[in-house]
Amino acid sequence: MPTTDQMRPVRSAGWRFVLVGGLNTLVTGIALSLLSTVIDPRVAYTVVFAAGIAFSTAMAGRFVNGVPMTRRQTVLYVLMYVAVYLVGVAVLWVAAGLGMPDVASGLVVLVTAPLTFFGGRVIIAHRRGPSAIDPRRVTP
C-alpha cells in the first residue's frame, strides 16, 4: 500500500482505473445508448457524463491512485472531465455527421477513457512534485 506521499504505481492504478472506470463506463455507456434512442445523443451524453463525473471523482484519489485529492485537485479533476466531455461531444458530432447509428454512441469512451486516466494522473501527481511517483515503482 502506498504511503500518503506516493501514488500507486502506474500498473496498479491502471488496473484500479479499469475496474472503477469499467464499471462507470459500462453503466453510463449502456445508459447513453438507451437514452440516445429517446432523446438527442448529445443531450443524453451530457446527462450521463455528469452522473459519471461524480462517481469518478469520488474514486480517483484514494482508490485508484492511492492518495487523497486536495480541494484544488478535485476542482481541477472536474474541470479536466469537462474538457474531456467537450472532446466527447465533438466526437459525437463527427460520428453523427458520418452517419453512425445513435445506439453506437457509447463507443465514445474509446476516446475519452484514456484522456481521463492520464489527465487524472497528471493532476494528482502535480501536487506532490517530481518525486511523487517513485521511478522504481513505475512498472511498464
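Observations, loosely collected:
- When V67, V43 are checked against the criterion of being part of a helix (DSSP H, G or I), farther than 15 Å from V84 by Cβ and either within 14 Å of the chain's Cα centre (by Cα) or at pLDDT 80 or above (or both), V43 stands alone in meeting it.
- Flag for L23 being at pLDDT 90 or above and either closer than 20 Å to T112 by Cβ or assigned to a helix (DSSP H, G or I) (or both): no
- Search result, residues across segment 118-140 that are part of a helix (DSSP H, G or I) and modelled with pLDDT under 85: R121, I124, A125, H126, R127, R128, P130, S131, A132, P135, R136, R137
- Of all the listed residues (A83, A13, A90), the sole one being over 18 Å from L110 (Cα atoms), among the small types (G, A, S) and assigned to a helix (DSSP H, G or I) is A13.
- Evaluation of L35 against (1) more than 16 Å from F117 (Cβ to Cβ); (2) at pLDDT below 90; (3) surrounded by 16 or more Cβ atoms within 10 Å (Cβ to Cβ) (one fails), failing number: (2)
- Taking the criterion of being surrounded by fewer than 15 Cβ atoms within 10 Å (Cβ to Cβ) and touching a helix residue (DSSP H, G or I) at 6+ places or on another chain (Cβ under 7 Å), the only residue of segment 90-110 that qualifies is V103.
- Among the conditions (1) under 18 Å from A125 (Cβ atoms); (2) free of Cβ contacts under 8 Å to residues at least 12 places away in the same chain, the only one that F63 does not satisfy is (2).
- Residue within segment 51-64 that is in a helix (DSSP H, G or I), basic (K, R), within 17 Å of the chain's Cα centre (by Cα) and at negative phi present: yes
The values are calculated or read from the model by the stated rules, or taken from the named source; none is laboratory data. It should be emphasised that the depicted structure is a prediction, and the values quoted were computed from it without experimental measurement. When we count neighbours, we look across all protein chains shown, and the Cβ atoms used for this are built from the backbone with ideal geometry, even at glycine.
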